[in-house]
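Worksheet: one structure, shown below.
The values are calculated or read from the model by the stated rules, or taken from the named source; none is laboratory data. Values in this document were obtained by computation on a predicted structure and should not be read as measured data. FYI the Cβ positions are ideal-geometry reconstructions off the backbone, even for glycines, and counts take in every protein chain you see.
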Amino acid sequence: MFEREEYVFHESGGVCKIVDIQTAPLEGMPRDREYYVLKPLSDPNSMIYIPVDSDKIFLRRLLSRAEAEELLDRIPFVRTIEESNAKLLRAKYLELMKMHDPVEWVRVIKTVYLRMNAQTLKSQRISDTERSFAENAKRHLYTELALALELPTDRMEDYITEHIQKMA
């Protein structure tokens with residue numbers, strides 16, 4: 001069970017803060033169930049209500065500081081996706097994003113980044129869909145790492161780059 005004020009990752013809301021745990025927070029909800037009341041960091045005007053006992057909704061703890069630091073050390077060794085067929089590549093991106101796993105977000109980001117650089121050399125563009133997968137992966141990854149490392153989210157890209165350069 002999660003606690004009030006804890007940050008979690010929700011399958012559709014992304015990184016959220018548990019602002020409360022209540023019995024039937026809205027009218028019409030069963031009075032015999034407790035609900036997590038989540039506030040997505042990406043949309044502070046919305047709330048998500050999830051039954052505490054639900055096993056159908058993906059909800060996980062965020063990385064700890066030690067886990068975040070370990071992930072940063074692993075980034076250079078995370079393999080990219082090797083797929084030349086655009087339709088199969090899109091399916092792979094979708095599959096990896098649905099895993100809600102920071103390592104898989106890194107895989108998506110690295111793959112799109114390398115493909116963008118390769119396409120630039122060929123004077124071609126990657127698709128907006130591909131770019132969108134990378135942006136979503138970055139948003140989730142940077143938010144989670146920022147919370148774990150107690151750094152501003154807008155500083156994460158530079159922080160990751162600097163960390164990787166120090167390792168080289």
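For the structure I just gave you, tell me whether Pro30 is over 16 Å from Thr143 (Cβ atoms) and surrounded by fewer than 17 Cβ atoms within 10 Å (Cβ to Cβ). Judged against the criteria, Pro30 is a match. Candidates Arg139, Arg107: the one that is among the basic types (Lys, Arg), assigned to a helix (DSSP H, G or I) and under 23 Å from Lys17 (Cα atoms) is Arg139.
In this structure, is Leu151 farther than 21 Å from Glu83 by Cα and modelled with pLDDT of 95 or more? Yes: the conditions hold for Leu151. Among residues of the range 146-155 being out of contact with any Phe, Trp or Tyr (no Cβ under 8 Å at 6 or more places or on another chain) and either within 20 Å of Arg74 (Cα to Cα) or among the β-branched types (Val, Ile, Thr) (or both), the one that is surrounded by the fewest Cβ atoms within 10 Å (Cβ to Cβ) is Glu150. Checking each residue in the range 72-104 for being within 26 Å of Arg4 (Cα to Cα) and either assigned to a helix (DSSP H, G or I) or in contact with a His (Cβ under 7 Å, 6 or more places away or on another chain) (or both) picks out only Pro102.
Taken together, the residues in the range 33-71 that are under 15 Å from Thr143 (Cβ atoms) and hydrophobic (A, V, I, L, M, F, W, C) amount to 6. Does Ser54 satisfy the condition of being in the same structural domain as Arg31 (by TED's automatic domain parsing), exposed (fewer than 14 other Cβ atoms within 10 Å of the Cβ), at pLDDT below 95 and in a loop (DSSP other than H, G, I, E, B)? For Ser54, the condition - in the same structural domain as Arg31 (by TED's automatic domain parsing), exposed (fewer than 14 other Cβ atoms within 10 Å of the Cβ), at pLDDT below 95 and in a loop (DSSP other than H, G, I, E, B) - is met. Against the list (1) closer than 26 Å to His163 by Cβ; (2) polar (S, T, N, Q); (3) not assigned by TED's automatic domain parsing to the domain that holds Leu141, the condition Thr80 fails is (3).
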